[in-house]
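So that we are looking at the same thing, I have put the structure below in structure tokens.
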Amino acid sequence: MASVLVSLDSSVLSITLNRPEKLNAFNPDMHKLLREAIERAAGDAQVRAVLLSGAGRGFCAGQDLSERDVSPGAAPIDLAVSLGSNYNPLVRKMRELPKPIVCAVNGVAAGAGANLALACDLVLAARSASFIQSFSKIGLVPDSGGTYFLPRLVGSARAMGLALLADKLAAEEAERIGLIWKVFDDDALTKEATAIAQRLAAGPTRGYGLLKKALYLSGGNSLDAQLDLERDLQREAGFSHDYREGVSAFKEKRTPAFKGK
Ligand code: LHQ
């Protein structure tokens with residue numbers, strides 16, 4: 001079986017991490033297939049939203065540690081190589097994708113797996129799921145965007161607690177502190193996440209791409225710069241088919257037929 005499963009339905013590209021026996025930990029093959037799936041989402045006009053999830057009882061346990069030779073005689077591993085060639089380009093591609101990425105965290109999300117989820121635009125989780133910044137347990141620094149996402153999502157006190165203590169954070173608590181958007185009962189997660197992804201895919205996806213850009217750039221911008229950015233992005237949104245369609249549908253009291261254009 002492929003380590004990442006990809007399928008397109010109702011303009012939603014579903015990407016499922018598929019190494020359940022390893023709680024979907026990353027190996028080189030999974031990196032390659034996930035990168036290709038995100039590239040497909042970027043290049044394929046049929047795709048208007050992405051739904052990311054994991055097979056089995058875990059979402060993703062981060063780097064596959066069983067593939068690391070850390071025995072006394074082994075040569076030291078340069079972890080920057082793996083970040084530079086795999087994790088960092090992946091996170092950048094996901095954040096830059098001008099289409100919404102919904103993440104359905106079906107189980108434990110640990111290490112880079114937790115931060116892969118946080119790199120998505122709308123994070124949903126099963127009630128039994130959990131998030132662990134496992135890095136400090138093995139002497140590492142949160143990566144894959146963790147040190148960027150955590151303080152922005154939950155504030156620096158909570159970010160520090162999560163990173164230093166690396167305790168398991170239950171999905172409901174993650175929702176309560178604003179780390180993720182919403183928790184659903186385990187048996188409802190797939191249905192709810194699919195419905196949300198399909199709803200987004202039928203929406204004004206060009207506008208969603210622009211609003212992603214606005215929100216993600218806001219963290220590094222002054223209010224002045226952000227107002228200018230909003231002006232420029234709104235110009236672009238205002239020239240879209242979907243803006244005309246949205247206003248026409250409102251006036252005509254009908255459901256809009258958005259095209260993502
Ligand atoms: C695993 C893993 C795993 C292999 C569970 N690898 N097999 C990347 C590289 C480059 C730069 C540096 O940074 C990074 C980013 C990182 O992601 S570093 C952090 C790596 N991840 C971790 O440290 C998490 C390790 N896993 C765990 O702590 C636990 O497995 C969690 C808390 C995720 C789940 O615990 P349990 O529910 O009790 O499950 P389990 O531990 O029994 O795991 C089930 C199986 O999955 C087990 O295999 P086995 O053959 O014994 O049934 C584990 O060995 C395997 N597995 N995570 N990362």
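The values are calculated or read from the model by the stated rules, or taken from the named source; none is laboratory data. Model, not experiment: these values are computed from the prediction. Note that we place each Cβ from the backbone using ideal geometry, even for glycine, and neighbour counts take in every protein chain shown.
I'm told Lys137 meets every condition in (1) over 22 Å from Leu211 (Cα atoms); (2) touching a residue at least 40 places away in the same chain (Cβ under 8 Å) except one. Can you identify the failing condition by its number?
Against the list (1) over 22 Å from Leu211 (Cα atoms); (2) touching a residue at least 40 places away in the same chain (Cβ under 8 Å), Lys137 comes up short only on (2).
Looking at region 180-199 only, could you name the residues that are part of a loop (DSSP other than H, G, I, E, B) and either of a type in the set (Asp, Glu) or over 21 Å from Leu97 (Cβ atoms) (or both)?
Matches in region 180-199: Asp185 only.
Do we find a residue being modelled with pLDDT under 95, small (Gly, Ala, Ser) and either in a helix (DSSP H, G or I) or surrounded by fewer than 16 Cβ atoms within 10 Å (Cβ to Cβ) (or both) anywhere in region 200-219?
yes
From the residues in region 36-64 that are surrounded by fewer than 18 Cβ atoms within 10 Å (Cβ to Cβ) and more than 15 Å from the ligand (Cβ to nearest atom), which one is nearest to Ile138 (Cα to Cα)?
Glu36
I'm checking my understanding of the structure. Among residues of region 100-132 that are near the ligand (Cβ under 9 Å from one of its atoms) and of a type in the set (S, T, N, Q), which one is farthest from Phe184 (Cα to Cα)?
Here the residue is Asn115.
In region 220-261, how many are assigned to a helix (DSSP H, G or I) and in contact with a helix residue (DSSP H, G or I) (Cβ under 7 Å, 6 or more places away or on another chain)?
8
For Arg68, only one of the following conditions fails: (1) near the ligand (Cβ under 10 Å from one of its atoms); (2) at pLDDT 95 or above; (3) among the basic types (Lys, Arg). What is its number?
Among (1) near the ligand (Cβ under 10 Å from one of its atoms); (2) at pLDDT 95 or above; (3) among the basic types (Lys, Arg), Arg68 violates only (2).
Kindly indicate the residue of region 133-164 that is surrounded by 15 or more Cβ atoms within 10 Å (Cβ to Cβ) and on the phi > 0 side of the Ramachandran plot and also farthest from the ligand (Cβ to nearest atom) among those meeting that condition.
Gly145
Residue under question is Ala170, and the condition is that it be surrounded by fewer than 20 Cβ atoms within 10 Å (Cβ to Cβ), under 26 Å from Ala193 (Cα atoms), in contact (Cβ under 8 Å) with a residue 40 or more places away in the chain and within 15 Å of the ligand (Cβ to nearest atom); does it hold?
Yes, satisfied.
Any residue in region 122-143 that is under 28 Å from Ala41 (Cα atoms) and assigned to a helix (DSSP H, G or I)?
There is no residue in region 122-143 that is under 28 Å from Ala41 (Cα atoms) and assigned to a helix (DSSP H, G or I).
In this structure, does Ala25 turn out to be more than 9 Å from the ligand (Cβ to nearest atom) and either closer than 24 Å to Tyr216 by Cα or in contact with a Cys (Cβ under 8 Å, 6 or more places away or on another chain) (or both)?
no
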